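Below: one structure, written as structure tokens.
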Number of protein chains: 2
Amino acid sequence: MAHKHDHGACIDKAVADAERICAERGSRFTELRRLILTMIWQNHKAVKAYDLLDQLANEGGSAKPPTVYRALDFLMDEGLVHKIESLNAYVGCPHPGDQHISQFLICDKCENVEEVATDALDAAVTAAAEEATFKIHRQTVELRGLCKACVSEEQAA
Amino acid sequence: MAHKHDHGACIDKAVADAERICAERGSRFTELRRLILTMIWQNHKAVKAYDLLDQLANEGGSAKPPTVYRALDFLMDEGLVHKIESLNAYVGCPHPGDQHISQFLICDKCENVEEVATDALDAAVTAAAEEATFKIHRQTVELRGLCKACVSEEQAA
DNA sequence: CTGGTAACGATATAAAATACGGTTTATAAT
DNA sequence: ATTATAAACCGTATTTTATATCGTTACCAG
């Protein structure tokens, strides 16, 4: 993500997607929500709620925790943002709208979060649940380690 | 778990396992650690750190948060207990000692947590990581939903 | 333009976890 | 046995993460 990645395009896409999705559903994509979604998309790392709060404060506002958490709850309800449970942090969803199951590759070094959608992994999860006669409502799949870029870097050293 | 499950045996086994494992490794399974492990094993639900703290207080002691967290950290380091990230709660490991990857089925109704070790799921996780050239250090796989017993119960109703 | 609902703001508090410093206790080395 | 050392423990304070509650404002539907 560090090199040759036009991240501005990511942000624009995320905002455009959000606008489209909220319009379709009749939910309100307010200024605050747009602002917070944009902040989350500043990079591909997961962002802490209180960091968002600090950023809001720096921009002159005097936001309180509930303001941020309400916006995050909205964005999560709309599938625009995911919570990374193992970090207590929040990351933008790169393909909102599609019904999808989220699995994350989280680099412990560069901290980038990649959302993957692997059919094989989905199938395995489903199979494991079926074997146990378990009816899945939600799932948290978070793989922590080193991303491709950081592995290469380590090998180079 | 509710019916015909001799849970006392689970507790005894967990404590015996812990004793054996700590003895093997030369780590100290102190009274406090034994007590907290036993509390965690009172049932198959995940337990909150502050509930343990309250229990300790009820038993006459005057424990502070660090006491509980230190014990939990020890138990986790030894692989005797796992943290459920999506609940901020802790659950006993049913087969400590084996090197293993933990995956959890968490019932949203009865709150029981079942730890599963599915080769197919392991393989799928590994494959997904390999495909992304990602080097896994740790993983969090938590499936939330309804367990077998609670599904049957719903269907009966 | 008015009545209801959703969004926002502010205060307070709850819940989860850690930093740090001092004391005790177990174990290993003498 | 005695002492050095490291681990465990304890308590205070604080940080981090999140929610409850209540009053106000803004949207939009009838």
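Residues of the range A:132-157 that are more than 7 Å from chain B (Cβ to nearest Cβ) and either closer than 21 Å to A:Leu105 by Cα or in a helix (DSSP H, G or I) (or both): A:Ala149, A:Cys150, A:Ser152, A:Glu153, A:Glu154, A:Gln155, A:Ala156. Looking across the range A:79-94 at every residue that is more than 14 Å from DNA strand C (Cβ to nearest atom) and in a loop (DSSP other than H, G, I, E, B), the one that is farthest from the chain's Cα centre (by Cα) is identified as A:Gly79. Among residues of the range A:4-18 that are part of a helix (DSSP H, G or I), those with a beta-carbon under 7 Å from a residue that is among the hydroxyl-bearing types (Ser, Thr, Tyr) at least six positions away or on a different chain give the pairs A:Ile11/A:Thr38; A:Val15/A:Thr38.
In the range B:57-67, what residues are part of a helix (DSSP H, G or I) and either near DNA strand D (Cβ under 9 Å from one of its atoms) or within 12 Å of the chain's Cα centre (by Cα) (or both)? Those that are part of a helix (DSSP H, G or I) and either near DNA strand D (Cβ under 9 Å from one of its atoms) or within 12 Å of the chain's Cα centre (by Cα) (or both): B:Pro65, B:Pro66, B:Thr67.
Quickly run through the range A:69-78 and pick out the residues that are in contact with a helix residue (DSSP H, G or I) (Cβ under 8 Å, 6 or more places away or on another chain) and either more than 9 Å from DNA strand C (Cβ to nearest atom) or within 14 Å of chain B (Cβ to nearest Cβ) (or both).
Within the range A:69-78, the subset in contact with a helix residue (DSSP H, G or I) (Cβ under 8 Å, 6 or more places away or on another chain) is A:69, A:71-72, A:74-75, A:78.
Matches in the range A:69-78: A:Tyr69, A:Leu72, A:Leu75, A:Glu78.
Restrict the check to the range A:134-143 and report whether at least one residue is at positive phi and at pLDDT 95 or above.
Within the range A:134-143, the subset at positive phi is none.
No, the range A:134-143 contains no residue that is at positive phi and at pLDDT 95 or above.
Looking at B:Val91, is it touching a residue at least 40 places away in the same chain (Cβ under 8 Å), within 25 Å of A:Gln139 (Cβ to Cβ), in contact with a His (Cβ under 9 Å, 6 or more places away or on another chain) and buried (at least 17 other Cβ atoms within 10 Å of the Cβ)? Yes, satisfied. Checked against (1) without any contact (Cβ under 8 Å) to a residue 12 or more places away in the chain; (2) surrounded by 16 or more Cβ atoms within 10 Å (Cβ to Cβ), B:Lys148 passes all but condition (2). Residue pairs whose Cβ atoms lie under 9 Å apart, sitting 6 or more positions apart in sequence or on different chains, and linking a residue in the range B:60-71 that is touching a residue at least 24 places away in the same chain (Cβ under 8 Å) to a partner that is within 11 Å of DNA strand C (Cβ to nearest atom) and among the hydroxyl-bearing types (Ser, Thr, Tyr), are B:Val68/B:Tyr50; B:Ala71/B:Thr30. Applying the criterion of being without any contact (Cβ under 8 Å) to a residue 12 or more places away in the chain and in contact with a strand residue (DSSP E or B) (Cβ under 8 Å, 6 or more places away or on another chain) to the residues of the range A:96-130, the residue that is nearest to the other protein chains (Cβ to nearest Cβ) is A:Ala128.
So which residues in the range A:26-50 are assigned to a helix (DSSP H, G or I), away from DNA strand C (no atom under 12 Å from the Cβ) and crowded, with 16+ Cβ neighbours inside 10 Å, if there are any at all?
Listed by number, the residues that qualify are A:Met39, A:Ile40.
The values are calculated or read from the model by the stated rules, or taken from the named source; none is laboratory data. Here the structure is a predicted model, which is why all the values come from computation and not from measurement. Note that we place each Cβ from the backbone using ideal geometry, even for glycine, and neighbour counts take in every protein chain shown.
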